[in-house]
1. Do you know which of the residues in region 45-73 that are aromatic (Phe, Trp, Tyr) and in contact (Cβ under 8 Å) with a residue 40 or more places away in the chain is surrounded by the fewest Cβ atoms within 10 Å (Cβ to Cβ)?
2. Is it the case that region 29-37 has a residue that's among the hydroxyl-bearing types (Ser, Thr, Tyr) and either surrounded by 16 or more Cβ atoms within 10 Å (Cβ to Cβ) or at pLDDT 95 or above (or both)?
3. So in region 6-27, with the set limited to residues that are without any contact (Cβ under 8 Å) to a residue 24 or more places away in the chain and surrounded by 14 or more Cβ atoms within 10 Å (Cβ to Cβ), which one is farthest from THR63 (Cα to Cα)?
4. Just to be sure I understand the filter: pairs with C-beta atoms under 9 Å, separated by 6 or more residues or on different chains, first member in region 96-120 and surrounded by 11 or more Cβ atoms within 10 Å (Cβ to Cβ), second member assigned to a loop (DSSP other than H, G, I, E, B) and among the acidic types (Asp, Glu). Which pairs pass?
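The values are calculated or read from the model by the stated rules, or taken from the named source; none is laboratory data. These figures come from a predicted structure and were not determined experimentally. Note that each Cβ is placed from the backbone with ideal geometry, even for glycine, and that neighbours are counted across all protein chains shown.
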Amino acid sequence: MLKKPEHALDGVYQGLVGASAELLGGVTGLFTKPYKKAREEGAVGFVKGVGSGFVGVVASPFTAFLRFGNNVSTGIKNSAIRFGRGRLPNYGRFRHPRYFNSKNILQPYDEAIAEANEILKTIVDGRYANST
């Protein structure tokens, strides 16, 4: 995968590269998917691979168009940020990492618990760092 475009021309370039790779993947999938599926599942797999290949050929122009548009718009956005401030910002985290209890059950995000866990982690990490 290519990096995020830094400016508008980079966005156009990366959009064209990504879109052409997407189109090429759709066309080659028409031939490679039946072969791979036939090796795995026999004649039934070949039929499944042909169907999957045709879906790829039909879907690849749409995904190529979306990839191109995403890269161009990201490049334009980054150009506007660069003109406004001179460099791209490095935001980092917007919130503390989610806290997982001992059972590792995913629960709704609670900012107070996440912040308390982050404070405890820095205290423990600081204590161990200072003791060595």
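1. Going residue by residue through region 45-73, those that are aromatic (Phe, Trp, Tyr) are 46, 54, 62, 65, 68.
Applying the additional criterion that residues be in contact (Cβ under 8 Å) with a residue 40 or more places away in the chain yields 65, 68.
Working: PHE65: 14, PHE68: 20.
So the residue we want is PHE65.
2. So in region 29-37, the residues among the hydroxyl-bearing types (Ser, Thr, Tyr) come out as 32, 35.
Add one more test, that the residue is either surrounded by 16 or more Cβ atoms within 10 Å (Cβ to Cβ) or at pLDDT 95 or above (or both), and what stays is none.
No: zero hits.
3. Of all residues in region 6-27, those without any contact (Cβ under 8 Å) to a residue 24 or more places away in the chain come to 13, 17, 21, 24.
With the extra rule that they be surrounded by 14 or more Cβ atoms within 10 Å (Cβ to Cβ), the set shrinks to 13, 17, 21.
On the way: TYR13: 16, VAL17: 13, ALA21: 11 Å.
Only one residue fits best here, namely TYR13.
4. Close Cβ pairs (under 9 Å, with a partner that is assigned to a loop (DSSP other than H, G, I, E, B) and among the acidic types (Asp, Glu)) amount to ARG98/ASP110; TYR99/ASP110.
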